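Here, each number is a calculation from the coordinates, and none is a lab measurement. Because the structure is predicted, anything quoted here is derived from the model rather than measured. Every residue, glycine among them, receives a Cβ derived from its backbone with ideal geometry; neighbour counts consider all protein chains shown.
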Amino acid sequence: MSDQFLYAIEVTLNGLMAGVLYALVALGFVLIYKASGIFNYAQGVMALFAAMTLVGIMDGQVPFSHLINATFGTKVHHFGWHVPALAAIALTVGVMVALAWMVQRFVMRHLVNQEPIILFMATIGLAYFLEGVSDLMWGSEIKKLDVGLPQGGSRWVEDATAFLGSENFYGFFIDKLDMVATVVAVLLVIALMLFSNYTKQGRAMRAVADDHQAALSVGISLNFIWILVWSVAGFVALVAGIVWGTKSGVQFSLSLIALKALPVLMLGGFTSIPGAIVGGLIIGVGEKLFEFTFGAMMGGATENWFAYVLALVFLVFRPQGLFGEKIIERV
Amino acid sequence: MKLKLTTLALGAIMAAGPVLADLVLPSLSYRTGPFAVGGIPLADGYADYFTMVNARDGGIGGLPVRVIECETAYNTEKGVECYEATKGEGALVYQPFSTGITYQLIPKATADGIPLHTMGYGRTSAKNGKVFSHVFNYPTNYWDAASVAINYLLDENGGDINGRKIALVYHNSAYGKEPIRTLEELAKKHGFELSLLPVDHPGQEQKSQWLQIRREKPDTVLMWGWGVMNQVAIQEAANIRFPMEDFIGVWWSGAEADVIPAGDASNGYKSLIMNGMGKNYPIYDDIQKYVVDTGKAAGVGDQIGTVLYNRTIYAGFLAHMAILKAQEIHGVADITPPMMRDGMEALVITEEMMAANGMPGFGPEFEVSCENHGGPGVGAVQQWDASAGVWNQITEFKASDKSIIDPLVEADSMAYAAENNIELRCN
């Protein structure tokens, strides 16, 4: 096989892996939209908040220490302990559940039956609020996140595939972190599908998604379901925050990963969990292959805009996305 | 009624007593937003420097310095708003630490008669004082940085880099594109092959660029990044096992925050510097005594001695010296922005001045003139030691290739002058 062909395969494989990372972010959007019809603008910031909370707990950082010190003239920054990764993840999940309760109690509950655009605007406010709270709680400095995930190119894959090309071909490059992220994403999707199909709460969640009024009439608590949905979305945000935070360190830019999820949602549909995965894969492979093939002749850096162009093309032919539910308005 | 009001107003003014003058230096900080990681030490350094000067020296020329901090979140519109909101306070000089904000402020500040100081960033051709009367970018600029990096490679390769492959990974913005023209000219002169790899903002995803580097196997990778782009690039370089000693960033891609997230894998990474590094200077004893120990530090004190903190200590020092020069020229302590501009244009920095301020060897000696607002255009190289967690300076401060830089500065500044009908100065 020619090296050029092998490079194209390598780009495709890496595109698939990148797509999984995008899908991890998109999943959180889908969960909330599916259950409540809210496009949660704050999903990216939730990933940032979750990752910052996780690092803060692991490092034994005192939350709001800047505020406490400025108010009381103290100099407390750390508790002096280090929490193991698994325990810290469990505690962070608890924080995300508490956040879900607060969002429901203080924001969404007061906006029931409002127009979708009002709910969307509320999530914009929530995003900025969370950004500020994250900084105030944990500081704006970059933090290294190490929960034991491997990083770097897999030597095994390189050695096993090096023979395919010439002496200039080193074998396929696959990042071990991307491989772990793929496994995590697959497990997450399976767990979410099982939860929504085979548990009482999952079925209640789907019922609310189908029709709020009907769900209420059969005794399903809308408040509980929305707390549940925001909690699950918070958990998904934590997973995305761990993977992306391991790559780049935990810092404000983590909140911008939401931008990578938008074309995935446009393509896969806002209401389908498998759609988020398939959409992510198509966007990931599409943008990477386009950059590989046409990037040099177009000055490079084509990925960001090409992802949106690709999503737009799909939208023209399937406005509800590949897996989205067809929109039928009855008069 | 009118008489009563007038009497009351006059009484209030008299009761208030004389208004104490101060020297106002706005700080367009970004402690929040995507570039807060760099913005925090930059803002802390500038604030702490003048807190120390006020406490140690009683201000400058007997007048206290008042630093007004205005948060921009690195957003250009907010930066302009901060400028408009603070210029009326008697702002002597603006140092925005953002190329985008700088570009917006150049015409405004020039029209308002307030000087801008953009060391190592902003519009490179502002070095030409004949065109840019109120913009200063001493002691160095982006194009000098590109040339210093190539000079370093020449030194490392016995003066011959003909045929070598050099890749530039850059932030796909006006800032990131700054060195391209210079590098293209240098490629013609020295015969190296230049490849360009833009990274879109913010730079969280760079897999395509680093796969391309893995395929093309350049001998050296140069980086013009900022924010998260730096951390991701260093991690991706480590992932493909690109040799860190062949990876060189500009001075905005060489802070502790850029290398720490990659851990031991970032060991050996290099970057350019324009000023002294570490805490081993007497000035830090003063900062500890007058700022940290008295609880007046702008931050929590954990940034002291870091690369970006040191940069604004240096920026503060240069502003300090320019104020002294302006006071000396005009014979008054309470200087105005036009006087400050005069001080900046007549600035002379010597080793004695740096040593007297507790900063021996912190930067190059240089002189500013009407024609040259850019200083000597020098830079050095530092290398990261991951196990010790410190940067080590591995070269002396060396000059850029003026035979390449000066014609580029002349061409770009003259084009700006023609576009904006600017009459040349310094005749």
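In summary, the convex hull built on the alpha carbon positions of segment B:272-320 has an orientation-averaged projected area of 3.5 nm².
Farthest towards the positive end of the charge dipole of the protein assembly as shown, among the residues B:355, B:274, B:307, is the Cα of B:307, using unit charges on the Cβ of Lys, Arg, Asp and Glu. Computed from Cα positions, the angle between helix B:99-112 and the longest principal axis of chain B comes to roughly 30 degrees.
Counts of other chain beta carbons within 10 angstrom of each beta carbon in peptide B:65-75 average 0. Using the Cβ-Cβ distance between residue B:155 and residue B:385 with R0 set to 25 Å, the FRET efficiency works out to roughly 0.75. Among B:290, B:284, sorting on how many other beta-carbon atoms sit within 10 Å of each Cβ, with the fewest leading, yields B:290, B:284.
Provide the FRET efficiency to the nearest 0.05 for the residue B:56-residue B:103 pair, computing r from the beta carbons and using R0 = 45 Å. It comes out at approximately 0.80. Helix B:142-156: angle to the longest alpha-carbon principal axis of chain B, degrees 0 to 90, nearest 10? Long axis of B:142-156 versus the principal axis of chain B: about 40 degrees. The orientation-averaged projection of the convex hull spanning the C-alpha atoms of segment B:208-251 amounts to 2.9 square nanometres. Amide H to amide H, with H built 1.01 Å from N, residue B:165 comes under 5 Å of B:193, B:219, B:220, counting only residues 5 or more places away or on other chains. Annotation: peptides B:31-40, B:80-89, ranked by per-residue average of other Cβ atoms within 10 Å with the highest first, follow the order B:31-40, B:80-89. Ordering B:153, B:197, A:111 by the number of other Cβ atoms within 10 Å of each residue's own Cβ, fewest first, gives A:111, B:153, B:197. For segment A:62-71, backbone phi angles converted through the Karplus equation (6.51, -1.76, 1.60; θ = phi - 60°) give residue-by-residue couplings of 7, x, 6, 4, 4, 5, 4, 5, 5, 7 Hz, Gly and Pro being listed as x.
If the segment from residue A:5 to residue A:320 were pulled out straight at 0.36 nm per residue, it would be longer than the present Cα-Cα gap by 109.9 nm. With all projection directions averaged, the alpha carbon convex hull of segment B:30-117 covers 5.7 nm².
Residue by residue, segment B:279-285 carries 3J(HN,Hα) couplings of 10, 7, 9, x, 4, 6, 5 Hz when phi is fed to the Karplus relation 6.51 cos²θ - 1.76 cosθ + 1.60 (θ = phi - 60°); x denotes Gly or Pro.
For chain B, the longest principal axis of the C-alpha atoms and the axis of helix B:402-419 are separated by about 50°. Assuming charge only on the beta carbon of Lys and Arg (+1) and of Asp and Glu (-1), the dipole of segment B:96-197 about its Cα centre is about 300 debye to the nearest 20.
Tell me, what is the FRET efficiency for residue B:396 and residue B:189 to the nearest 0.05, using R0 = 35 angstrom and their Cβ-Cβ distance as r? The value I calculate is 0.95. Let me test this: with uniform point scatterers at the alpha carbons of the protein assembly as shown, what is the Debye-based log₁₀ I(q)/I(0) at q = 0.07 1/Å? The Cα Debye sum returns log10 ratios of -0.55. For the peptide B:210-217, the mean number of other protein chain Cβ atoms found within 10 angstrom of a residue's Cβ is 5. Counting only Cβ charges, +1 for Lys and Arg and -1 for Asp and Glu, the dipole size of chain B around its Cα centre is about 740 debye. In the elastic network of chain B, a GNM with C-alpha springs shorter than 10 Å, the most mobile of B:158, B:120, B:254 is B:158. Of the trypsin sites (Lys or Arg not before Pro) found in segment B:383-427, those that fall in a DSSP loop while having at most 16 other beta-carbon atoms within 10 Å are B:425. The modelled label-to-label distance between residue B:293 and residue B:423, using points 7 Å beyond Cα along the C-beta direction, is 5.6 nm.
For the listed residue pairs A:75/B:78; A:260/B:217; A:247/B:270, the alpha carbons are over 22 angstrom apart in A:75/B:78; A:260/B:217. Among the residues of A:144-153, the average count of other protein chain beta-carbon atoms within 10 Å of the residue beta-carbon is 3. Apply the Debye scattering formula to chain B, with a single equal point scatterer on each alpha-carbon and no solvent, then give log10 I(q)/I(0) at q = 0.11 Å⁻¹. Summing over Cα pairs of chain B leads to -0.82. For segment B:180-233 versus segment A:53-78, the inter-centroid distance based on Cα atoms is 39 Å. Rounded to the nearest 20, the Cβ-based charge dipole of the protein assembly as shown about its Cα centre (Lys and Arg +1, Asp and Glu -1) stands at 2380 debye.
Quotient of the Cα radius of gyration of chain A and 2.2 N^0.38 Å, N being its number of residues: 1.07. Sorted ascending by nearby beta carbons within 10 Å, beginning with the fewest, A:166, B:266 become A:166, B:266. How large is Rg/Rh for segment B:142-273, to two decimals, with Cα atoms and a Kirkwood Rh? Rounded to two decimals, Rg/Rh equals 0.93.
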